[in-house]
Amino acid sequence: MDERYAARIAERREEILGRMDAALAASGRAREDATLVAVSKTVGVDEVVAAIDAGYRVFGENRPQELNRKLEGLSLRPDVPPVRFDMIGNLQTNKINAVLGRVELVHSIGSLHLARALAARAERRLEAGELVAPQSILIEVNVSGEETKGGFAPSELRAAFGELQSLCGISIEGLMTMAPRGDKDRARACFSGLRELRDELSRESGLPLRELSCGMSEDFEVALEEGSTIVRLGRVVFDPSFAVR
């Protein structure tokens, strides 16, 4: 790994953390109230190692085969400290077994069909002693209403939440969304809408729903100001030429 790249990744991390601190302070929170997921889907194992050396400990992948490649590559580096991986992309039902027990959190459960399938397979693994706990998940919500985005519409989620809550193989930790790109005002409305929906569902269901996964490289500060507890940052972490605006 190029030492200059590693140094720039470390410098960029300090810049990101400083911006996170300021955004969190605006919502009355501190650094420990938010998790930074370094989205490693477009980089290799060497870049992940550089990020680990810089201090990152949570990574996000959107394809099971890439998750497997990263886990296998890191297993050959005994000097690398343990890290957490999350699944952040669309999960196909035929890839569930490749993810269960290998990631801490699945961010993108966007349909009842997928939730049922994941829960059923997790329950079987639990009964067989192959999982120690239900799979932690986030429910993906299409707050913006854009046709190109996946996830439950808010009204659909309200109607389905009782069944989702009853599925034994999964543990619902919170909600996730993606905002419209290129418009921070629309992004803010999207993030605040997710927070308000979370608060409503939490009151009605009794679940704490502590996690709000929203905010990416272009809008993570706005997301944190609106209550995000997890930001998913890819280019701003791994591409030193990406401008932090």
Among the listed residues GLY151, GLY227, identify the single one that is touching a residue at least 24 places away in the same chain (Cβ under 8 Å), over 25 Å from ARG19 (Cβ atoms) and open to solvent by less than 60 Å² (accessible area, probe 1.4 Å). GLY151
Those residues of the stretch 11-22 which are open to solvent by 40 Å² or more (accessible area, probe 1.4 Å) and either under 15 Å from ASP239 (Cα atoms) or in contact with a Pro (Cβ under 6 Å, 6 or more places away or on another chain) (or both), in sequence order: GLU11, ARG13, GLU14, GLU15
In the stretch 56-71, residue surrounded by the fewest Cβ atoms within 10 Å (Cβ to Cβ) [restricted to those that are under 17 Å from the mean Cα position of the chain (by Cα) and of a type in the set (A, V, I, L, M, F, W, C)]: VAL58
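Quick one: is LEU194 over 23 Å from ARG19 (Cα atoms) and in a helix (DSSP H, G or I)? Give the steps one after another, and end with the answer.
Values: over 23 Å from ARG19 (Cα atoms): no; in a helix (DSSP H, G or I): yes.
No, not satisfied.
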Candidate set from the stretch 72-102 (those that are farther than 16 Å from ILE139 by Cα and under 13 Å from the mean Cα position of the chain (by Cα)); member that is surrounded by the fewest Cβ atoms within 10 Å (Cβ to Cβ): ARG84
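Yes/no matrix, rows are residues, columns are (1) in contact with an Asp or Glu (Cβ under 7 Å, 6 or more places away or on another chain); (2) modelled with pLDDT under 95:
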site	(1), (2)
ILE52	no, no
LEU67	yes, no
ASP86	yes, no
LEU91	no, yes
ILE109	yes, no
Is it the case that the stretch 137-156 has a residue that's at pLDDT 95 or above and over 22 Å from ARG232 (Cβ atoms)? yes
Do the conditions hold for GLY193, that is, is it more than 16 Å from ALA119 (Cβ to Cβ), surrounded by 14 or more Cβ atoms within 10 Å (Cβ to Cβ) and either in contact with a strand residue (DSSP E or B) (Cβ under 7 Å, 6 or more places away or on another chain) or in contact (Cβ under 8 Å) with a residue 60 or more places away in the chain (or both)? no
Those residues that are crowded, with 21+ Cβ neighbours inside 10 Å, more than 21 Å from PRO240 (Cβ to Cβ) and out of contact with any helix residue (DSSP H, G or I) (no Cβ under 7 Å at 6 or more places or on another chain), I need them from the stretch 23-47; list them, please. none
Is it the case that PHE220 is over 14 Å from the mean Cα position of the chain (by Cα) and among the hydrophobic types (A, V, I, L, M, F, W, C)? no
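If you take the residues in the stretch 160-184 that are part of a loop (DSSP other than H, G, I, E, B), under 28 Å from LEU224 (Cβ atoms) and of a type in the set (A, V, I, L, M), which one is least open to solvent (accessible area, probe 1.4 Å)? Step through it out loud before you land on a result.
Taking the stretch 160-184 first, the residues part of a loop (DSSP other than H, G, I, E, B) are 167-169, 177-183.
With under 28 Å from LEU224 (Cβ atoms) added as a condition, the list becomes 177-183.
Filter once more, keeping what is of a type in the set (A, V, I, L, M): 178-179.
Working: MET178: 78, ALA179: 11 Å².
Filtering the stretch 160-184 for residues that are part of a loop (DSSP other than H, G, I, E, B), under 28 Å from LEU224 (Cβ atoms) and of a type in the set (A, V, I, L, M), the one least open to solvent (accessible area, probe 1.4 Å) comes out as ALA179.
The values are calculated or read from the model by the stated rules, or taken from the named source; none is laboratory data. Model, not experiment: these values are computed from the prediction. Heads up, the Cβs are rebuilt from the backbone with ideal geometry, glycines too, and the neighbour counts pull from every protein chain shown. Surface areas here come from the heavy atoms of the whole protein model, side chains and all, with no ligands, DNA or RNA. Shrake-Rupley method; radii C 1.70, N 1.55, O 1.52, S 1.80 Å.
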